[in-house]
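Worksheet: one structure, shown below.
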Amino acid sequence: MFNKMKFGSSSKDQLLDQTVIGQSAVVVGNIVSQDRVQLKGHVVGNIDVNGSPNAQLSVLSHAHVEGDINAQQAVVDGVVMGNIESTGRVELHAGANVKGNISYATMAIEHGAKLFGMMSSNDVKQY
């Protein structure tokens, strides 16, 4: 529903630059990537996804993160127990359950998403 593709890019190109962490995987430690990361499993550690124009972390419906997220773009449909900091867009889909604070430039929240924390725009202008 919220997914947008850039003009001139194909879904095949985006899949080539994507890391997928499978549903049965458990990662204990930090993850750092400059491209797209799709999380279906469990991560105990911090996740940093920044660097390229397509840098995006997707936490899918059965995924679970215990740690802080720093991502250019973050799409959450699973569980995040930690803070989310984004220089771009954060999307909380209906299945999202976030226990932590969110810092964002733009935000979208679907009906049914749960947030136990505070939201703050990092695009605040001084008057």
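The values are calculated or read from the model by the stated rules, or taken from the named source; none is laboratory data. Keep in mind that this is a model prediction, so the values were computed, not measured. Neighbour counts are summed over all protein chains in view; Cβ atoms, including those assigned to glycine, are modelled from backbone coordinates with ideal geometry.
Residues are listed down the side, and each one gets a yes or a no for (1) modelled with pLDDT of 95 or more; (2) under 13 Å from the mean Cα position of the chain (by Cα); (3) β-branched (Val, Ile, Thr):
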residue	(1), (2), (3)
Val32	yes, yes, yes
Val37	yes, yes, yes
His42	yes, no, no
Ser52	no, no, no
Val65	yes, yes, yes
Val80	yes, yes, yes
Phe116	yes, no, no
* Structure fact -> Per the filter on segment 1-23, residues at pLDDT 95 or above and either under 21 Å from Ile84 (Cα atoms) or of a type in the set (Gly, Ala, Ser) (or both) are Val20, Ile21, Gly22
* **Residue, surrounded by the fewest Cβ atoms within 10 Å (Cβ to Cβ), within segment 85-100, restricted to residues that are closer than 15 Å to Gly117 by Cα and small (Gly, Ala, Ser)** => Gly100
* Pairs under 6 Å by beta carbon, first residue more than 18 Å from Gln56 (Cα to Cα) in segment 21-34, partner of a type in the set (A, V, I, L, M) and in a strand (DSSP E or B), six or more apart or different chains? -> Val27/Val43; Val28/Val44
* Asked: Here are some residues: Ser120, Ser103. Which one is surrounded by fewer than 14 Cβ atoms within 10 Å (Cβ to Cβ), assigned to a strand (DSSP E or B) and of a type in the set (Gly, Ala, Ser)?
  -> Ser120
* **Selection status of Gly95, under 17 Å from Asp35 (Cα atoms) and either without any contact (Cβ under 8 Å) to a residue 12 or more places away in the chain or in a loop (DSSP other than H, G, I, E, B) (or both)** => no
